[in-house]
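Read-outs: derived from the displayed coordinates by stated rules, not from any lab. Here the structure is a predicted model, which is why all the values come from computation and not from measurement. Cβ placement follows ideal geometry from the backbone for every residue including glycine, while neighbour counts extend to all protein chains displayed.
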């Protein structure tokens, strides 16, 4: 109780203070409020993760009824990871926003929105009252919209912001539908009512209820085909906001899905397969489009969709585990999924911060214009490289750990089950491997084109390394990435309480518990192997250094078949790096190309452009919109600009409104008269 | 431990045998079978030339590549004897550790800023991506067949009984052999002896490497050959005692090397733009293995 009051008074004090102080202090106040609140919430979360459980009922308003606040281990896990990224985001943002200091009022709104986002995300994790939940959800959605719209004077940003606002309200529509359904039948807004209500439903109805919530949360999480706002919102927002958004805001959708799995009782096996299918499609589709992007931040945005897919595969697997009463599958699936939520929030925010550094140094996000940054910004390059390795799921970093858990789940699931489940698990293995391979292609392209080689573009100001203020939060994230990679069993241990929530749904046997302890052992082994890999690399590099120390070293230009002219322009570009892939993937995607061929005896300059577009967006949004526009266009004659006609509309309207009761009465009496005949 | 030592031993003569076979088939005398290793040792003694475009990535990448191959070899078992590293799901680690090496070799090629090396890197990234699913489906089928999820347990409990299992063995050998060719950029996919940069895949990626680094990269190729050879040998070792398995191991390595030599002598490289499709076909062969396993277990219902 005291905690809640302290928490909210700090937020309120921060919000009230920010408009009245000098620009320089706004950021600092925001950061300190964010840190204090993160520590408060984090302290609670750690307590919960070590086995405690908090359960309060606040006496709410007559509208909302009692407000239940239950903090269980699942909330704890999400609070912890959300607040970590929000803290690094705030610290990074403090330096990032320095170049926008002139826009004082803009920064005020930005800071307030950031504080609101943090507190609302935390509330969403703990509150279990439908109305308050929706209120917090809406406030969160709007404050994130404010954060995205920071550079509102750019037309692209406005477009992205509006797109985001519309789609996040679609999300709220589905959530409200679900909550209204439950509340209208049970007369209670408490989440426990959902659980009780769903157990009274038929399996078909409870599945429909779940899917209603699932679609709502999937909009936020960015599952295909509900993802189309993501690739616009991420590049439009300032980099620390992109990092926070991709890192944690979309994860709140995952939290919602996990919470609903805990609450709603339904046919878990079928549900698991549905989630698995949507996730594989999201994962593969996300990375397939990511490879083709020319904008670094858009590329990263599509990777968020891919990673949501990987998380979803884990969740789907765990849900199948609940359905088939398989402890190992449940544990591995949910552990992999939830650990990947943390992992993705780390490496994706790091990637966005890295992209932010590059943007502020070069003022472009076009991959084709960058290059050779590694020599000018070594710290940023190393940080980006580590995050890129982690997102590809390569050992010894954290991405490997969670993907390994999901792989183990898939291979273990293969051993049991019937033909259909085996085939779908095999397809999942296939999907996960393809995702891994494509991610490798994508990030070698991104890292290679942006950081390596020679600069492809002449910048008036040569890029310089970012300030320590930006690099320190990034190194904090990198530290955690390495820590998870090297001692995964510790973090798996932290997950044991949240996992218990899911495994409690099973009826257990002693033999099953043994296989799960075995997983902890395997994790420890992987930690050792990862350490071993680093040590081995170190030893080999040391030997190489010792041996080559006395040898002669010459520095020459790169081999280019004897050509010694301007080789910077001859470099392989990012588009050509993925050209073979593009040719193969073209039938599945919609890519628009324009080109001017080189022709004639004296050729003039030729050029070609590729514009990757989202085929889902084309079919689900653009074409229906076009048809609605066409249909509504038929009524355009009504809007003819003649003031007389508009007056007429008004009169017709008034007559109709006033006349309807009479008309109704007349018809009613007519029918009665007819009945009497 | 035993597999690690034996693979290192096999790596010393493996490429030598390939080259020797090719020279005999084409009617030349050819170098001795230890020549490739002698070349590597000669490279290790040399100084280096670095491009002025390159950064620290280019310096560390060969070491990481070499370490990743060594790490992968440690995972490979020897029949019923565990590799140095063995845990449930270790083949995932195996594949991903190799991918780590590949990541670094690709970005080190991009680090030179050369158009040739970018081209090679692009091809290598795409081909290895397409080869990966075949390996995972193969291991998934074996996991299903044996009910185990680590290399050593799978190979130790893999035994051939029915006629289907022989077909599976042949198919698995084929898939592993083709993955070897893809991963090592050998004949049907890539021609290591071509002299035109535009038609190379792996060779063009290491154009700018020299001295100790080049030696490491070349030796890693030998190691990779022997490593995949060991995997194939593992298919046939079962739980025989050591005095049988060691000859089986070397026999299969030599046979495999000769087969690679013959293949390289009598086939031409595929058209570059059809390579990806060809490699993808390997996945469907693995899928056949999967269905074969289902058939053996009587799970078709």
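Averaged over the residues of B:130-141, the number of partner chain Cβ atoms lying within 10 Å of the residue Cβ comes to 4.
Please compute one quarter of the surface area of the Cα convex hull for region A:132-234 and express it in square nanometres.
Working: hull surface 27.1 nm².
Over every viewing direction, the Cα hull of region A:132-234 projects on average to 6.8 nm².
Dividing the convex hull volume of the alpha-carbon atoms in region A:272-315 by its residue count gives 38 Å³ per residue. Value of Rg to Rh for region A:248-290, rounded to two decimals, is 1.06; Kirkwood radius and Rg both from alpha-carbon coordinates.
P(r) for region A:324-480, from all Cα pairs and a bin width of 5 Å, is 2, 9, 16, 18, 14, 12, 9, 7, 6, 4, 2, 1, 0 %, short bins first.
What is the Å³ per residue value for the convex hull set by the Cα atoms of region A:450-571?
Numbers: hull volume 31.1 nm³, N = 122.
In region A:450-571, the Cα hull volume divided by residue count equals 255 Å³.
Pairs of Cα atoms nearer than 8 Å and 6+ residues apart set the relative contact order; for chain B it is 31 percent. For the peptides A:433-439, A:128-134, A:637-643, the ranking by mean Cβ contacts within 10 Å, running from highest to lowest, is A:433-439, A:128-134, A:637-643. Compactness of region B:195-301, taken as the C-alpha radius of gyration over 2.2 N^0.38 Å, stands at 1.44. In whole angstrom, note down how far apart the Cα centers of region B:129-148 and region B:171-224 are. Region B:129-148 and region B:171-224 have Cα centres spaced 23 Å from each other.
Taking the beta-carbon count within 10 Å as an exposure proxy, list A:88, A:519 from fewest neighbours to most.
A:519, A:88
Mean per-residue shielding of peptide B:202-213 is 2, counting Cβ atoms of other chains within 10 Å of each Cβ. Working from Cα pairs under 8 Å separated by at least six residues, relative contact order for region A:210-351 is 28 percent. Once C-alpha pairs closer than 8 Å and six or more residues apart are averaged by separation and normalised to the residue number of chain A, the relative contact order reads 12 percent.
Name the shape class, rounded, prolate or oblate, that the alpha-carbon gyration tensor gives for region A:98-183, where a ≥ b ≥ c are the square roots of its eigenvalues, rounded holds for a/c under 1.5, and otherwise prolate holds if a/b is larger than b/c and oblate otherwise. Judged from the Cα gyration tensor, region A:98-183 comes out oblate (a/c at least 1.5, b/c at or above a/b). Per-residue ellipticity at 222 nm from helix content only, as computed over the protein assembly as shown with -39500 (n - 2.57) for each DSSP H run of at least four residues, stands at -24500 deg cm²/dmol.
Within the protein assembly as shown, DSSP assigns beta bridges of which about 80% are antiparallel (rounded to the nearest 5).
Taking the average, over residues, of other Cβ atoms within 10 Å as the packing measure, peptides A:106-115, A:590-599 rank A:106-115, A:590-599 from highest down.
Annotation for region A:116-188 versus region A:414-472: alpha-carbon center distance of 30 Å. What is the diffusion coefficient of region B:64-215 in µm²/s, taking the Kirkwood radius over Cα pairs and the Stokes-Einstein relation at 37 °C with a viscosity of 0.692 mPa s? Answer from the Stokes-Einstein relation: 194 µm²/s. Using the alpha-carbon positions of region A:574-618, Rg (one decimal) and Dmax (whole number) come out as 13.4, 43 Å. Spatially, region B:5-70 and region B:81-115 are offset by 18 Å when compared through their Cα centroids. Plainly put, region A:1-56 has a radius of gyration that is 1.11 times its Kirkwood radius, both from alpha-carbon atoms, as the Rg/Rh ratio. Put in line by how crowded their Cβ is, counting other Cβ atoms within 10 Å and starting with the fewest, B:139, B:71 read B:139, B:71.
Shape of region A:31-75 from its Cα gyration tensor (a ≥ b ≥ c, root eigenvalues): rounded if a/c is under 1.5, otherwise prolate when a/b > b/c, or oblate? Taking the square roots of the gyration eigenvalues as a ≥ b ≥ c, region A:31-75 is oblate.
If you wrap chain A in the convex hull of its Cα atoms and look at it from every side, the mean projected area works out to 43.4 nm². Comparing region B:195-255 with the 2.2 N^0.38 Å rule of thumb, its C-alpha radius of gyration ratio is 1.58 (two decimals). Translational diffusion of region A:221-313, estimated by Stokes-Einstein from the Kirkwood radius over alpha carbon pairs at 10 °C in a medium of 1.306 mPa s, is 117 µm² per second.
Quick check: the angle from helix B:275-297's long axis to the longest principal axis of chain B, C-alpha only, nearest 10 degrees? The answer is roughly 20 degrees. Seen from a random direction on average, the alpha-carbon convex hull of chain B projects onto 15.9 square nanometres.
In region A:246-369, inverting the average of 1/r over every pair of distinct C-alpha atoms gives 15.3 Å as the Kirkwood radius.
To the nearest whole number, what is the average tally of beta carbon atoms from other chains within 10 Å of the beta carbons of peptide B:45-53? List each step's numbers first, then the result.
Numbers: counts 2, 3, 6, 7, 6, 5, 7, 5, 12.
Partner Cβ neighbours, averaged per residue: 6.
Oblate is the label for region A:305-345, because a/c, from the alpha-carbon gyration tensor with a ≥ b ≥ c as root eigenvalues, is 1.5 or above and a/b does not exceed b/c. If you take the alpha carbon atoms of region A:1-104 and fit the smallest convex hull around them, that volume is 115 Å³ per residue.
How would you rank B:202, A:379, B:274, going from fewest to most other Cβ atoms within 10 Å of each one's own Cβ? All intermediate terms of the calculation are to be shown ahead of the outcome.
Details: B:202 22, A:379 16, B:274 9.
Ranking B:202, A:379, B:274 by Cβ neighbours within 10 Å, fewest first, gives B:274, A:379, B:202.
So what is the diffusion coefficient of region B:31-139 in µm² per second by Stokes-Einstein at 4 °C and 1.567 mPa s, using a Kirkwood Rh over Cα pairs?
Details: Rh = 16.2 Å.
Answer from the Stokes-Einstein relation: 80 µm²/s.
Rounded to the nearest 10 degrees, the angle from helix B:211-237 to the longest Cα principal axis of chain B is 10 degrees.
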